[in-house]
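Okay, structure first, notes after.
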Amino acid sequence: MARMGLDRQTLLVAAAELADESGLDSLTLAALAQKLNVRSPSLYNHVKGLPDLKGALTVYCLHLLVDATRNAVIGKSGDEAILSMCEAYLRFARSRPGLYEAFYKVNTQQHEDLETAKEELLDLFVRIMEPYQLGEKETLHAIRGLRSLLHGYATLEQHRGFQMDLELEESVQYGLRTFLKGMHLNKSEA
């Protein structure tokens, strides 16, 4: 029987906190049980095991990321929307490093809600790309490029990959503005 007050959402929040504190790879059911002050077998009332928990964390991460980026673009369009979304995306990755790891380390595993969560993020990207009128195929290429740019900055920063004596935010802004210039060139060529 499930413990009173303990549910799947509580597990996810606690697991995300543990992942943020020490990395996704250090997340174990034993550590989660200790954090929640329960015995490890109690967790199986809510998750099927560690892979299920990590898959659920990926979905949880995607929902939070979509909320953060969607809120950042409300009332904005074009370059302003893209820059705001990118800022929110990177802020999320910086503030939730372990949870963000679940986004790129676990997203290939099957989980019942994963495809829906991925679609939510993709739909948001598609909507903010609409003003550029790139066409369906080109829009998807642009989304891949933008996501790669964001993910590259996020993961390299997370793994201390930027060692030069150069302000990282300036590099981020330079990269994003260069990307946007390319978007405008493609729009005018269409």
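Assorted remarks:
- For the chain, leaving out every one of the trypsin sites (Lys or Arg not before Pro) that falls in a DSSP loop and has at most 14 other Cβ atoms within 10 Å, the longest unbroken run is 77-159.
- Neighbour cut-off at most 14 other Cβ (10 Å), DSSP loop, GluC sites (Glu not before Pro), region 1-101: none
- Whole-number accessible area per residue in Å² for the chain, which is evaluated in the context of all protein chains at 1.4 Å: 56 Å²
- Rounded to the nearest 20 debye, dipole of the chain from Cβ charges on Lys, Arg, Asp, Glu: 400 debye
- Region 114-163 and region 13-77 have Cα centres spaced 22 Å apart.
- Within region 130-190, the chymotrypsin sites (Phe, Trp or Tyr not before Pro) that combine a DSSP coil assignment with at most 15 other C-beta atoms in a 10 angstrom radius are 162.
- Set of lysines near residue 137 by C-alpha distance (under 21 Å), chain-local residues within fewer than 8 positions excluded: 118, 181, 187
- Largest to smallest principal axis extent of the C-alpha atoms in region 128-189, angstrom: 38, 17, 15
- Dividing the helix sum by the residues of the chain, where each DSSP H run of 4 or more adds -39500 (n - 2.57), gives a mean residue ellipticity at 222 nm of -24000 deg cm²/dmol.
- Under conditions of 10 °C and 1.306 mPa s, region 50-187 yields 102 µm² s⁻¹ as its translational diffusion coefficient, taking Rh as the Kirkwood radius over Cα pairs in the Stokes-Einstein equation.
- Dipole of the chain [Lys/Arg +1, Asp/Glu -1 at C-beta], most positive-end residue of 19, 139, 154: 19
The values are calculated or read from the model by the stated rules, or taken from the named source; none is laboratory data. These numbers come from a predicted model, not from an experiment. Reconstructed Cβ throughout: ideal geometry from the backbone, glycine too, with neighbour counts over all protein chains shown. Ligands, DNA and RNA are excluded from the accessible area calculation, which covers all protein heavy atoms including side chains. Shrake-Rupley method; radii C 1.70, N 1.55, O 1.52, S 1.80 Å.
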